[in-house]
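Notes to accompany the following structure.
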Amino acid sequence: MIRRDELKLAVQKEADALAAREYMDSSAHMEQTVLAARSAYCEAEAARPLTRFEFLMEQSRYIRKRWWILQALLLAALGWMLIRAGSGFYAARSMGIAGSAFTVLILPELWKNRSCGATEVEGAAYYSLRQIYAARLTLFAMADLLLLTAFGGVAVTAGGIPVTDLTVQFLLPFNVTCCICFQTLYSRRMQSEIFSVFLCGCWIAVWVEIVLGRLYERITFPVWYGLLALSAAYLLFCVARGQRNLHKLLEAEPVWN
């Protein structure tokens, strides 16, 4: 009886050892298959790389155009109000609120990578997450430049708004709101899109308090232009630093890049 138990135990150990060897062999074969598939994928992509224009066009398909439509409607409403009201006190100051709201409309599209948990998936793509963000930022910059150029032309010619007022009352709050958006977008500590919108709302409240109070009249235009240049420089710094450290948003390093 004892010999039979010992024999059964020896057979079981041998079967376990054989199963372990087969599992290790299958794991090794699977790893080799993954490496071969990755190598073949890289060779296929490298054989015909997309041009920059083609890559931008591919990324434009994933941007929901409703945000550009909403931005255009916002500027159209503001332009209509400026034409009707002229360069009145409240009409001109409302450009700051519209400038901040114009920026907030960009947030949902840029933030959807994080809100949908797609950063790890995109990290496994052939093109890096940095390239994807850079392409979408470029597309938004091109579209917003066209919209703002059209709005500026209408506001100056038909609305009678001086260029100096337009740059200070619209572009300055626009730049500061962009700084807030990108600072939160590229932060690991602030994971909520709602919190970013809340910070933008706080900035709008502060700006309204400034422009409707006496502080706005006391600040000269050279100071405003200095603040505008400072906000533009900090905005470029935020975007450049965010793109450089974008991989820190991921829990793992990109697979292909």
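The values are calculated or read from the model by the stated rules, or taken from the named source; none is laboratory data. Since this is a predicted model, take the numbers as computed values, not measurements. Cβ: placed from backbone, ideal geometry, glycine included. Neighbour counts: every protein chain shown.
Only residues that are touching a helix residue (DSSP H, G or I) at 6+ places or on another chain (Cβ under 6 Å) and either within 20 Å of Trp224 (Cα to Cα) or basic (Lys, Arg) (or both): list them for segment 172-198, please.
Answer for segment 172-198, where residues must be touching a helix residue (DSSP H, G or I) at 6+ places or on another chain (Cβ under 6 Å) and either within 20 Å of Trp224 (Cα to Cα) or basic (Lys, Arg) (or both): Leu172, Pro173, Phe174, Asn175, Val176, Thr177, Cys178, Cys179, Ile180.
Which condition breaks for Arg214 when tested against (1) modelled with pLDDT of 90 or more; (2) over 21 Å from Pro108 (Cβ atoms); (3) of a type outside the set (Gly, Ala, Ser)?
The one condition Arg214 does not meet is (1).
Check whether at least one residue in segment 189-204 is touching a Phe, Trp or Tyr at 6+ places or on another chain (Cβ under 7 Å), closer than 23 Å to Trp68 by Cβ, modelled with pLDDT of 85 or more and part of a helix (DSSP H, G or I), and report yes or no. So that I can check it myself, show each step before the final result.
The initial filter retains those residues of segment 189-204 that are touching a Phe, Trp or Tyr at 6+ places or on another chain (Cβ under 7 Å), namely 193.
Imposing the further condition that a residue be closer than 23 Å to Trp68 by Cβ reduces the set to 193.
After this cut, where a residue has to be modelled with pLDDT of 85 or more as well, the list is none.
Looking through segment 189-204, none of the residues is touching a Phe, Trp or Tyr at 6+ places or on another chain (Cβ under 7 Å), closer than 23 Å to Trp68 by Cβ, modelled with pLDDT of 85 or more and part of a helix (DSSP H, G or I).
With respect to Ala233, is the statement that it is assigned to a helix (DSSP H, G or I), farther than 14 Å from Ser100 by Cβ, modelled with pLDDT of 80 or more and under 20 Å from the mean Cα position of the chain (by Cα) true?
yes
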